[in-house]
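Asks: Structure in structure tokens, see below.
The values are calculated or read from the model by the stated rules, or taken from the named source; none is laboratory data. Values in this document were obtained by computation on a predicted structure and should not be read as measured data. Note that we place each Cβ from the backbone using ideal geometry, even for glycine, and neighbour counts take in every protein chain shown. Side chains included, ligands, DNA and RNA excluded: accessible areas come from the protein's heavy atoms. Shrake-Rupley method; radii C 1.70, N 1.55, O 1.52, S 1.80 Å.
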Amino acid sequence: KAKAKQEAASAEKTGPDLENKGIGPISSLTLDAEVNTAMATEGEEIFKAKCSACHKTDKKFIGPSPAGILERRSPEWVMNMILNPEEMIANDPIARQLLIDYNGAPMANQNLTENDARAVLEYFRTLK
């Protein structure tokens with residue numbers, strides 16, 4: 001019960017914020033109404049190769065699950081976290097709180113291109 005209470009309090013601190021675009025190269029991004037399945041498939045492969053050591057799609061792990069991320073964060077924030085994790089952790093209040101919530105395990109920069117990060121974001125759109 002105490003753990004559930006702690007997780008709920010933590011979720012409140014990093015609750016939904018769709019206005020924050022994060023810090024990095026992505027300042028504006030419009031998503032098509034329909035998921036681009038080819039791009040999402042490419043993103044899934046990139047995610048499996050570069051992200052799955054710390055992120056699981058169905059549960060909290062070393063880092064948060066990306067399932068439903070676009071209900072909590074703007075597409076720009078997600079892209080900037082992927083592309084610019086060091087500066088995001090240093091200067092973005094949500095990223096800083098996530099670092100605390102996840103026991104100080106910083107997200108590693110996987111040096112993805114913007115196109116790779118965009119494909120991963122498209123894959124995240126398919127996760128429920």
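Asks: At 222 nm, what helix-only mean residue ellipticity would the chain give, in deg cm²/dmol to the nearest 500, using -39500 (n - 2.57) for each DSSP H run of four or more?
Replies: For the chain, the value works out to -15000 deg cm²/dmol.
Asks: Work through the residues other than Q110 whose Cβ is under 10 Å from its Cβ and net out their charges, Lys, Arg +1 and Asp, Glu -1.
Replies: 0
Asks: Hey, can you find the accessible area per residue of segment 10-75 for me, probe 1.4 Å, expressed in square angstrom?
Replies: 63 Å²
Asks: Also: Multiply the residue gap between A67 and N91 by 0.36 nm, knock off their C-alpha separation, and tell me the result in nm, one decimal place.
Replies: Here the segment from A67 to N91 would lengthen by 6.2 nm.
Asks: Across segment 26-79, what fraction of all alpha-carbon pairs, as a whole percent, falls in each successive 5 Å bin from zero upward?
Replies: With 5 Å bins starting at 0, P(r) equals 4, 17, 21, 31, 19, 7, 0.
Asks: Shifting gears a bit: Please work out the ratio of the alpha-carbon Rg of the chain to 2.2 N^0.38 Å and round it to two decimals.
Replies: Relative to the 2.2 N^0.38 Å estimate, the chain comes out at 1.01.
Asks: What nm distance separates the two modelled labels at S52 and E34, each placed 7 Å from Cα along Cα→Cβ?
Replies: If labels sit at S52 and E34, their model points lie 2.8 nm apart.
Asks: Mean 1/r over all different Cα pairs, inverted: what Kirkwood radius does segment 62-128 give, in Å?
Replies: Averaging 1/r across every pair of different Cα atoms and inverting gives 12.2 Å.
Asks: While we're here: Choose one answer from A33, A67, A105: the residue with the largest mean-square fluctuation in a GNM of the chain with alpha-carbon springs under 10 Å.
Replies: Checking each option, the largest mean-square fluctuation is seen for A33.
Asks: Now for a different question. Hey, what do the phi angles of segment 22-31 turn into as Karplus ³J(HN,Hα) couplings, whole Hz, using 6.51/-1.76/1.60 and θ = phi - 60°, x for Gly and Pro?
Replies: Calculated HN-Hα couplings, in order: x, 10, x, x, 9, 10, 8, 8, 10, 8 Hz.
Asks: Which GluC sites (Glu not before Pro) in segment 34-128 pass both tests, a DSSP loop state and at most 11 other beta-carbon atoms within 10 Å?
Replies: Here the sparse-neighbourhood loop sites are E34.
Asks: Roll a 1.4 angstrom probe over the protein heavy atoms and tell me the percent of accessible area of the chain that is carbon or sulfur.
Replies: Of the solvent-accessible surface of the chain, carbon and sulfur hold 52 percent.
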